[in-house]
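Here is the structure we will look at.
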Amino acid sequence: MTKVYLKKKISRRVENGHPWIFGNEVGTVEGDSAGGSIVDVYTHDKKLLGRGYINLQSQIAVRLLTRDKAETIDDAFFYSRLKEAWTYRQKLGYTENCRLVFGEADYLPALIIDKFNDYFVLQTLALGMDRWKPAIVDALQRIFQPKGIYERNDVPVRELEGLPQQKGFLSAPFDTQIIIQENGLRLHVDLENGQKTGYFLDQHDNRRAIRHIVKDGDVLGAFCYTGSFETHAGFYGARSVLGLDISENAVAQARRNAELNGLGEVCRYEAVNAFDALKQWSKDGRQYDVVMLDPPAFTKSRETIQKAITGYKEINLRGMKLVKKGGFLVTSSCTNLVQPELFLETIHLAAKDARRRLRQVTFQAQASDHPIIDGWENTNYLKFLIVQVL
Ligand code: SAH
């Protein structure tokens, strides 16, 4: 087994259990350091820290898979980790759809698996994880006997690992346009061409949180994608719902989702730039009972974090202006570098500029099938806030 000895000075992160070891923390490598191979990682004074996969071509040189000295990394390892991940989700009450594996938080760094009833979508985002794809697929077959498994590795981050972007079947081909059920609704999901893995499961519990506030109201949803929040709003009794997304495809799917739930008259969609619409309509004095904002991540790098904050402030300020006195703003942020406190602070600054007072209804993270590990910033990424706007 290849041995990786760390430098004396390593970050607190590794000591705190985080699985990433950066290239500048690696001292010497003894043995084969070919990308993707399994290595034993030792501290500078030769204490075994754990076992993981190496890729010296990546900034993240090693990602640990285990800190248990007795655990070997083989096909059985992946089978048992997937079993554990499933047991955990079942315990939390997820049966039909869930994020089955949430990478680091399931001690399977760079692996994402979403379960959509009998179908599975998989992403292997690092070379060392990609190598185990056959073992992972085999484990899914054995545990679930799925109707289909699809790979959505059409993700730029793979290139940092020297991996190609690709997508396709990992089982016998099947119709990738499926229907899932969520909170009593039925929704079309396009596993092949939808964004990310096809559907944003991280908000599936949060979508229920709008249940009472949308009743009988006029609702505006910006960055609606396939209209998941908007269909929920219609289902929960909104008088009218208008969803906005820049993607024509997303809006077309959103319309189909409205139809599928008998809400074609209630839920309407426009393919527009939401930044422009929010700006113009707030100037025009349009008013809604509820405004929902769920934009894409504004930055992935620390350098541009200030720009992201300015973006959040801007859209939330516009959003608040569009809310009738006493109505509600439902606002999300999936930028993991914007931590919850900073997001809240930004919303309050926006309220000050908009000259509106806020009352917090709920402030939560992503659904619990995307576990958070304390101190592992990238596991605590979604902010979901509802405020009453006075
Ligand atoms: N609320 C959705 C997820 C939204 S993802 C859900 O729960 O499923 C963010 C969406 O913002 C994407 O669909 C993307 O197409 C859209 N988007 C990105 N830039 C936009 C813009 N300038 N105007 C409108 N929509 C935009």
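Read-outs throughout are calculated quantities, based only on the coordinates presented, and are distinct from any laboratory measurement. The structure presented is a predicted model; accordingly, all values stated were derived computationally and were not measured. So basically every Cβ, Gly included, is an ideal-geometry build from the backbone, and we count neighbours across all protein chains shown.
Points to keep in mind about this one:
- Taking amide H as placed 1.01 Å from N in the peptide plane, the amide H of Thr66 sits under 5 Å from that of Arg51, each at least 5 places away or on another chain.
- Rg(Cα) / (2.2 N^0.38 Å) computed for the range 182-224, rounded to two decimals: 1.35
- Centre separation in Å (Cα based) which lies between the range 237-261 and the range 133-189: 25
- Taking Tyr381, Tyr79 and counting other C-beta atoms within 10 Å, the order from fewest to most: Tyr79, Tyr381
- Lysine pair number, Cα distance threshold 13 Å (strictly under), the range 282-377, separation 8 or more or different chains: 4
- In the distance distribution for the chain, Cα-Cα pairs more than 28 Å apart total 50 percent.
- Evaluated at q = 0.20, 0.25, 0.27 Å⁻¹: base-10 log I(q)/I(0), Debye formula over Cα of the range 216-292: -0.75, -1.11, -1.23
- The spacing between the range 20-56 and the range 321-372, judged by their C-alpha centroids, is 41 Å.
- As a ratio to 2.2 N^0.38 Å, the alpha-carbon radius of gyration computed for the range 265-390 takes the value 1.07.
- Share, in percent, of DSSP beta bridges within the chain that are antiparallel, nearest 5: 65
- On Cα atoms only, tilt of 340-354 relative to the major axis of the chain in degrees: 20
- Compactness of the range 142-226 as Cα Rg over 2.2 N^0.38 Å, two decimals: 1.39
- Neighbour-count order for Lys196, Lys321, Lys352, fewest beta carbons within 10 angstrom listed first: Lys352, Lys196, Lys321
- The range 341-390: translational diffusion in µm²/s, Stokes-Einstein, Kirkwood Rh over Cα pairs, 4 °C, 1.567 mPa s: 106
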